[in-house]
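Notes follow the structure.
The values are calculated or read from the model by the stated rules, or taken from the named source; none is laboratory data. Predicted, not measured: the structure shown is a model, and the values here were computed from it. Glycine also receives a Cβ, built like all others from the backbone with ideal geometry; neighbour counts cover every protein chain displayed. All accessible areas refer to the heavy atoms of the entire protein, side chains included, with ligands and DNA or RNA removed. Shrake-Rupley method; radii C 1.70, N 1.55, O 1.52, S 1.80 Å.
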Amino acid sequence: MTRDLDDVLARLRRLHPLMMDLSLERIQRLLVKLGSPEKRLPPVVHIAGTNGKGSTTAYLKAIFEAAGKRVHAYTSPHLVRFAERISVPDATGASRPIDDVQLTALLRRVEEINAGDPITFFEVTTAAALLAFAEITADVVLLEVGLGGEFDTTNVVDRPALTIITPVAMDHAEKLGPTLAHIAKAKAGILKRGVPGVISVQGEEALEVIERRAAALGAPLRIWGRDFDAFAQNGRMVFQGTDEVMDLPLPALIGRHQIVNAGTAVAAVRALRMPGVDEASIARGLVEVTWPARMQRIAAGHLVDRLPEGFELWLDGGHNPHCGSAIAQTLADLEERSPKPLCLVVGMMGQKDTEGFLTPFRGLAKRLIAVPIPGAHEAPHTPEAVARIGLGLGFSVATASGVPAALDRLKATEALATRVLICGSLYLAGHVLAMNEGRQVQMN
């Protein structure tokens, strides 16, 4: 049935307008024709932010499932299969990517009811997700913003149970505005009158915008550093709220930034006060969480087989300067515990700040190999352009026709066991996972 889904997705990709233009009118009209599924959902946790929203969603999902809750989740983009974007409970109650047959049927229903009216691809798929969430029984919906917040398609849910804003940083400036304040304003658009919000670590400029918006709406906030925080201590994670302290295991996702994401998720769970979600569930969720392509160690597969024994292969889809800093810090911590030369294999989309992303790796990585992004939906930076920027930052640089060729080059030229990080794009990360597993990426 995957072929049927591929055919539907290909047809929907040709819808007009082709690109998101941050408007809610089309999706609102379509949802009315569908019977307003966004008004028939279980309690919704709406999650916006520049970085960490996917990881925070993954922690929430793992914690709720550890408590025996049935969870819906909507995330984007997908890595390998389109169905990864829409998770629903299976027969056992575990949240899994929606079955291809179910997804195909949902998309066809939405397409038929839309009846040729102007609509974007993301609006159709969001409508299909909301329809699934309204019709399949669950205890909570985790709804991740696609882009921005205020005019993102997911913002049709006008009364969520809780909102979360993860760290705000510069990204998508061409759509959201040229300053951090503009971007924070867009993210703060998910805040709702009287609905509590949990605000992760923010710079002063972004936090000021968020607090001003919350005050205008009367939305009570729990803010990192004022109402809660979390930190690593003696191999554990300590969470501190205004009236509690929890001694928890370190989260399974590695990196200091994951303490922030995990702590934000814990604060959200405590703010939501869902019956049955206790400290034991939180602890179990933190260690059982999975979220591919976020400092993921790839230990086996076709790509790993191309490297000599002793080499390490890592993957991260981070693509903006804030992500670059977090990834570089994680690699520096790894280097301190287990020293190895570091080489970067990098592919980046054309509107991303390549120099800003790569700068934190100066002095940490010795070499950079730039690669294209297969099947990119918009123009990526050419490998030559990425290599030029890397050369200007002091890296030894090269280009390759793809990730396999880059790994072959490293095998032929690196005498010492090397730590290899493939990074710069979630789209590239999806292709890496697919290549490693011998699969094809479903169109993004």
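Please compute the volume of the convex hull spanned by the alpha-carbon atoms of the range 195-308 and report it per residue in Å³.
Numbers: hull volume 17.7 nm³, N = 114.
For the range 195-308, the hull spanned by Cα atoms encloses 155 Å³ per residue.
Straight-line reach only, C-alpha to C-alpha below 30 angstrom: list the lysines that LYS53 could link to, leaving out same-chain residues fewer than 8 apart.
Once the sequence-local lysines are set aside, what remains near LYS53 is LYS39, LYS61, LYS69, LYS175, LYS185, LYS187, LYS192, LYS352.
Evaluate the distance, in nm, between pseudo-label points positioned 7 Å from the Cα of GLU336 and of ASP247 along their respective Cα→Cβ axes.
2.3 nm
Among the DSSP beta bridges whose two residues both lie in the chain, what percent are antiparallel, rounded to the nearest 5? Display every interim value, and only then the final one.
Numbers: 20 of 56 bridges.
Given both bridge residues lie in the chain, the antiparallel proportion sits at roughly 35 percent.
Once the piece of chain linking ALA300 and LEU391 is laid out straight, how much longer is it, given 0.36 nm per residue of separation minus the C-alpha distance between them? Don't jump to the answer; show the numbers that get you there.
Numbers: separation 91, 0.36 × 91 = 32.76 nm, distance 3.14 nm.
Once the chain is fully extended between ALA300 and LEU391, it gains 29.6 nm.
Grab the alpha carbons of the range 46-196, take their convex hull, and tell me the volume per residue in Å³. All intermediate terms of the calculation are to be shown ahead of the outcome.
Working: hull volume 18.6 nm³, N = 151.
So the per-residue Cα hull volume is 123 Å³.
Using a basic spin-label model with each label point 7 Å from the Cα along Cα→Cβ, how many nm lie between THR137 and ARG439?
So the two model labels end up 2.9 nm from each other.
Taking every pair of alpha-carbon atoms in the chain, what share in percent sits in each 20 Å bin, from 0 to the bin with the longest distance?
Using 20 Å bins, I get a P(r) of 25, 59, 16, 0 for the chain.
If the elastic network links every pair of Cα atoms under 10 Å, which of VAL140, VAL304, VAL386 fluctuates the most in the Gaussian network model of the chain?
Most flexible of the set in this elastic network: VAL304.
Given the range 194-233 reduced to its alpha-carbon atoms as identical point scatterers, what log10 I(q)/I(0) does the Debye formula return at q = 0.14, 0.19, 0.20, 0.34 Å⁻¹?
-0.32, -0.54, -0.59, -1.21
Does the range 394-444 come out rounded, prolate or oblate, given a ≥ b ≥ c as the square roots of the eigenvalues of its C-alpha gyration tensor, rounded meaning a/c under 1.5 and, failing that, prolate meaning a/b above b/c? Walk me through the numbers on the way to the answer.
Numbers: a/c = 2.37, a/b = 1.79, b/c = 1.32.
In terms of gyration-tensor shape, prolate.
Got the relative contact order for the chain handy, in percent, Cα pairs under 8 Å and 6 or more residues apart? Before the final figure, lay out each step's value.
Working: 916 pairs, mean separation 72.4, N = 444.
It rounds to 16 percent for the chain.
Could you work out Rg/(2.2 N^0.38 Å) for the range 288-444, with Rg from alpha carbons only? It would help to have the intermediate numbers written out before the result.
Numbers: Rg = 14.2 Å, N = 157, 2.2 N^0.38 = 15.0 Å.
Rg over 2.2 N^0.38 Å, computed on Cα atoms: 0.94.
Taking the Kirkwood radius as the inverse of the mean 1/r across Cα pairs, report the Rg/Rh of the range 1-85. Can you show the working numbers first?
Numbers: Rg = 15.7 Å, Rh = 15.8 Å.
Reported Rg/Rh (Cα atoms, Kirkwood Rh): 0.99.
Give, in nm to one decimal, the length gained when the segment between ARG159 and ILE254 is fully stretched (0.36 nm per residue of separation minus the Cα-Cα distance). Kindly include the intermediate steps, with their values, before the conclusion.
Numbers: separation 95, 0.36 × 95 = 34.20 nm, distance 3.37 nm.
Separation in residues times 0.36 nm, less the Cα-Cα distance, equals 30.8 nm.
With an 8 Å cut-off on Cα pairs and a minimum separation of 6 or more residues, tell me the relative contact order of the range 79-142 in percent.
Over the range 79-142, the number comes to 29 percent.
SER338: net charge of surrounding residues, Cβ under 15 Å, Lys/Arg +1, Asp/Glu -1, itself excluded? Could the numbers behind the result be given before it?
Numbers: positive: ARG297, ARG337, LYS340, ARG419; negative: GLU312, ASP333, GLU335, GLU336.
Around SER338, the charge tally is 0.
Kindly report the accessible area of the range 285-388 per residue (heavy atoms of protein chains, probe 1.4 Å, no ligands, DNA or RNA), in Å². Mind dumping the intermediate values first?
Numbers: 4410 Å² over 104 residues.
Result: 42 Å² per residue.
List the extent of the Cα atoms of the range 127-270 along each of their three principal axes, largest first, rounded to whole Å.
Result, largest extent first: 44, 41, 30 Å.
Could you pull out every one of the lysines with an alpha carbon less than 28 Å from that of LYS411, ignoring same-chain neighbours closer than 8 positions?
LYS340, LYS366
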